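Enquirer: Have a look at the structure that comes next, please.
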């Protein structure tokens with residue numbers, strides 16, 4: 001006879017992730033994907049590039065859950081509605097690796113120095129999310145798009161700048177392990 005752990009109350013396995021993000025327009029996402037493929041070969045990386053439709057800049061991670069927590073979705077939507085910023089230019093001009101789990105280091109496209117729009121959006125959204133009790137203040141925000149994960153790490157190096165006008169931010173539901181994203185909300189950033 002086997003005894004179950006935790007008296008039969010094992011923690012449920014997360015199946016759903018919620019996060020706020022900025023997504024490049026399709027033509028920019030295609031250029032980012034092409035850059036990822038070029039750099040992968042040129043730098044001897046073996047990781048599989050992220051799907052073009054999944055390229056994004058994470059603003060705030062709201063958590064991983066066993067099932068979609070509708071109350072948290074509703075609270076996140078309400079917090080996002082209070083953000084009022086104009087559209088701005090996002091600019092990325094370097095690549096490099098972050099430390100990750102052994103054998104799975106994020107190779108990323110990094111935001112240009114002095115680009116303030118993404119940081120301002122991050123802060124404005126953080127203010128609302130903290131007030132709603134949905135997140136805690138995190139360490140410094142580093143704007144980036146993950147291109148792939150690899151066992152190797154790459155020191156930061158410049159690339160031809162990629163830019164686009166950010167006109168909205170999104171609440172995204174990721175179905176973990178299924179490579180599927182669902183947009184749960186969009187908030188426009190009007191022309192300045």
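Enquirer: Taking region 108-149 as the region of interest, how many residues are under 23 Å from residue 51 (Cα atoms) and in contact with a helix residue (DSSP H, G or I) (Cβ under 8 Å, 6 or more places away or on another chain)?
Expert: Residues that pass the stated criteria total 6.
Enquirer: Could you list, in sequence order, the residues of region 74-107 that are in contact with a helix residue (DSSP H, G or I) (Cβ under 7 Å, 6 or more places away or on another chain) and closer than 12 Å to residue 156 by Cβ?
Expert: 95
Enquirer: Please count how many residues of region 113-148 are at pLDDT below 95 and more than 30 Å from residue 74 (Cα to Cα).
Expert: 3
Enquirer: Taking interchain pairs and intrachain pairs at least six residues apart, which have beta carbon atoms under 8 angstrom, with the first residue in region 179-192 and in contact (Cβ under 8 Å) with a residue 12 or more places away in the chain and the second surrounded by fewer than 16 Cβ atoms within 10 Å (Cβ to Cβ) and assigned to a strand (DSSP E or B)?
Expert: 181/175; 186/168; 187/168; 188/168; 189/168
Here is a yes/no grid of residues against (1) surrounded by 12 or more Cβ atoms within 10 Å (Cβ to Cβ); (2) in contact with a helix residue (DSSP H, G or I) (Cβ under 6 Å, 6 or more places away or on another chain); (3) not in a loop (DSSP other than H, G, I, E, B):
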| position | (1), (2), (3) |
| --- | --- |
| 29 | yes, yes, yes |
| 38 | no, no, yes |
| 41 | no, no, yes |
| 59 | yes, yes, yes |
| 68 | yes, no, no |
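Enquirer: Now for a different question. When only residues in region 100-116 that are more than 16 Å from the chain's Cα centre (by Cα) and not in a strand (DSSP E or B) count, which is nearest to residue 187 (Cα to Cα)?
Expert: It comes out as 116.
Enquirer: Being within 22 Å of residue 86 (Cα to Cα), part of a loop (DSSP other than H, G, I, E, B) and within 16 Å of the chain's Cα centre (by Cα) is the requirement here; does residue 169 meet it?
Expert: no
Enquirer: Could you figure out which of (1) closer than 23 Å to residue 48 by Cβ; (2) modelled with pLDDT of 95 or more; (3) surrounded by fewer than 18 Cβ atoms within 10 Å (Cβ to Cβ) isn't true of residue 167?
Expert: (1)
Enquirer: Of the numbered conditions (1) closer than 20 Å to residue 79 by Cβ; (2) part of a strand (DSSP E or B); (3) touching a residue at least 24 places away in the same chain (Cβ under 8 Å), residue 161 satisfies every one except a single condition; which is it?
Expert: Result: residue 161 passes all but (1).
Enquirer: Kindly evaluate residue 53 against the criterion of being outside any strand (DSSP E or B), modelled with pLDDT under 95 and farther than 24 Å from residue 155 by Cα.
Expert: It is true that residue 53 is outside any strand (DSSP E or B), modelled with pLDDT under 95 and farther than 24 Å from residue 155 by Cα.
Enquirer: In a strand (DSSP E or B), out of contact with any helix residue (DSSP H, G or I) (no Cβ under 6 Å at 6 or more places or on another chain) and in contact (Cβ under 8 Å) with a residue 24 or more places away in the chain: is that true of residue 47 in this structure?
Expert: Considered against the rule, which asks whether it is in a strand (DSSP E or B), out of contact with any helix residue (DSSP H, G or I) (no Cβ under 6 Å at 6 or more places or on another chain) and in contact (Cβ under 8 Å) with a residue 24 or more places away in the chain, residue 47 comes out as no.
Enquirer: A further question follows. Can you name the condition, by its number, that residue 179 falls short on among (1) in contact with a strand residue (DSSP E or B) (Cβ under 6 Å, 6 or more places away or on another chain); (2) more than 17 Å from residue 73 (Cα to Cα); (3) surrounded by 11 or more Cβ atoms within 10 Å (Cβ to Cβ)?
Expert: (1)
The values are calculated or read from the model by the stated rules, or taken from the named source; none is laboratory data. Quick caveat, the model's predicted, so the values are computed rather than measured. Please note: Cβ atoms are built from the backbone with ideal geometry, for glycine as well, and neighbour counts cover all protein chains shown.
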